[in-house]
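Have a look at the structure below, then the notes.
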Amino acid sequence: MTDQLREKFENLDLNAGKGKISAFISMSVGLLCIFGALCFMFPSVLTTPEMRPIYSKHHEVFYFVLLFCIAISAGFGSFSAIVRQNRYGFYGLCFALLAAILGCGVIKAPVLPSVPFYAGFDYFVLTLVILALVFIPLEGFFAKNPNQKILRVGWVTDMKYFMFSHVGIQLFTFLTVMPIQYWITHIPNNPIVPYIQAQPIWLQFIELLIVVDLTTYWIHRCLHEVDFLWRFHAIHHSTEHMDWLASSRLHIVEVLMTRFIATLPIFLLGFHTSAVFAYLIFISFHAIFIHSNVRFRFPYLRWIIATPEFHHWHHSSEKPAIDKNYAAFIPLYDVIFKSMYMPEHLASKYGTVGYKIPNSFVQQFTWPFKKYINRWKKRRESQKQTPH
Ligand SMILES: [Zn+2]
């Protein structure tokens with residue numbers, strides 16, 4: 001998507017009565033339907049292997065949901081295009097039609113063998129639908145900043161991060177877990193492992209929270225305090241609008257590095273798979289929640305677990321809040337390591353201070369390297385100019 005098109009979408013003025021809301025619903029649902037229909041066509045390459053047994057068991061339910069959503073997209077698209085004469089409604093109608101053609105089996109997909117590599121299209125669609133259904137009403141009813149729109153500046157960029165991280169789930173997991181597995185097979189067995197595995201799952205879950213949070217506290221602190229690392233983490237802090245989607249904005253280098261180091265204690269201590277899965281689902285949901293635009297303050301709980309209020313201060317551009325509140329879940333680490341900041345009022349201004357970070361997804365990817373590339377270019381130029 002070009003920068004002009006992205007800016008156009010980011011400045012959408014969804015006033016009622018112009019057919020824009022219905023066009024937006026039609027286009028977004030239609031696009032998700034296209035992804036869903038493609039999953040039905042190529043399940044062996046576009047769906048996550050763990051979910052495939054559920055899809056084949058409840059095939060009819062998923063297929064009915066797809067057809068229902070196509071009908072919704074077509075309905076809103078027709079209303080916008082015909083009644084309101086909005087051309088974006090026509091685009092939504094086209095998306096619905098394309099999804100119907102793909103999903104109704106008019107185009108016969110070749111039967112592909114199950115391949116070792118896959119794209120998590122289903123993971124992207126399902127997660128997006130579930131999170132949108134939870135967080136859009138939550139932020140609508142309990143907004144901390146009620147003036148902030150759902151489609152605020154930067155949402156297209158953040159949606160690209162969301163899509164990239166979900167569709168590429170296998171690549172991310174592969175790049176993170178493979179080096180650890182290779183390394184772990186080359187070190188002697190950890191004597192603590194049998195003691196951990198003998199414990200109940202709920203206790204392992206709590207231990208995971210405590211251990212991994214200590215690790216991520218220091219990774220996060222290094223991301224802020226080491227200049228080279230900060231350039232990658234600054235991308236996450238570049239958002240000036242906090243909401244559930246803002247949590248997706250993470251540079252791939254940061255994601256890989258953080259996941260690699262945070263996964264190490266999980267493997268080294270040999271936690272049970274059920275405890276690890278429960279922990280990953282819980283902490284992923286919690287990470288989205290603390291970025292969301294909600295005004296809940298949790299009077300006593302806010303000193304025990306990280307809340308939106310706590311993490312919004314971490315994103316604040318106000319001077320006393322800079323480089324504070326590093327903990328992902330346990331604020332006690334910030335108290336112990338003297339980085340806690342929680343005044344009585346709520347944070348209101350967010351973003352990086354002293355940096356102009358571009359808005360586009362591609363430019364944000366290259367931005368952390370720019371300083372070093374420019375430095376290298378300058379050195380080369382000065383070498384050229386120096387007479388031999
Ligand atoms: Zn940070």
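Taken together, the values in this text are just the output of simple stated rules run on the coordinates, not laboratory data. Just so you know, these numbers come straight off a predicted model, no measurement behind them. Heads up, the Cβs are rebuilt from the backbone with ideal geometry, glycines too, and the neighbour counts pull from every protein chain shown.
Students often get this wrong, so check it: of LYS349/LYS371; LYS149/LYS371; LYS319/LYS371; LYS149/LYS377, which have C-alpha atoms separated by over 31 Å?
Violating the 31 Å Cα-Cα cut-off are LYS149/LYS371; LYS149/LYS377.
Which aspartates and glutamates have a Cα less than 20 Å from the Cα of LYS160, not counting those fewer than 8 places away in the same chain?
Partners found: ASP3, GLU7, GLU10, ASP122, GLU240, ASP243, GLU254.
One quarter of the convex hull surface, Cα atoms only: what value does that give for the chain in nm²?
26.2
For a quick check: sort TRP313, TRP303 by the number of other beta carbons within 10 angstrom, fewest at the front.
Least to most surrounded, the residues fall as TRP303, TRP313.
In the chain, which longest range has no GluC sites (Glu not before Pro) that are both DSSP loop (not H, G, I, E or B) and surrounded by at most 11 other Cβ atoms within 10 Å?
51-343
Among the lysines, which have Cα under 20 Å from the Cα of LYS370 when same-chain residues fewer than 8 positions away are ignored?
LYS356, LYS378
Using alpha carbon centroids, what distance separates segment 229-247 and segment 206-221, in Å?
First find each Cα centre; the distance between them is then 20 Å.
Can you tell me, using C-alpha contacts under 8 Å and at least 6 residues apart, the relative contact order of the chain as a whole percent?
That works out to 16 percent.
Which ³J(HN,Hα) values in Hz, rounded to whole numbers, follow from the phi angles of segment 327-340 under the Karplus curve 6.51 cos²θ - 1.76 cosθ + 1.60, where θ = phi - 60° and Gly and Pro get x?
After applying 6.51 cos²θ - 1.76 cosθ + 1.60, I find 4, 7, 9, 10, x, 4, 4, 5, 5, 4, 9, 6, 9, 8 Hz.
In terms of modelled amide H atoms, which long-range or inter-chain residues lie less than 5 Å from the amide H of VAL294?
It is LYS144, by chain and number.
Can you give me the long-range amide H partners of TYR350? Hydrogens built in the peptide plane at 1.01 Å from N, cutoff under 5 Å, separation of 5 or more residues or another chain.
Correct list: SER317.
Test of the criteria: in segment 320-367, which chymotrypsin sites (Phe, Trp or Tyr not before Pro) are in a DSSP loop and have at most 15 other Cβ atoms within 10 angstrom of their Cβ?
Taking segment 320-367 and a limit of 15 other Cβ atoms within 10 Å, the loop chymotrypsin sites (Phe, Trp or Tyr not before Pro) found are PHE337, TYR355.
Of ILE281, ILE210, ILE357, which is the most mobile in a GNM of the chain whose springs link Cα atoms less than 10 angstrom apart?
Answer for the Gaussian network model of the chain: ILE281.
Indicate the helices, whole DSSP H runs only, in the chain that combine a mean Kyte-Doolittle hydropathy of 0.5 or more with a Cα extent along their long axis of 20 angstrom or more.
Within the chain the helices that satisfy the rule are 20-41, 59-78, 87-103, 121-141, 169-184, 201-225, 252-269, 273-291.
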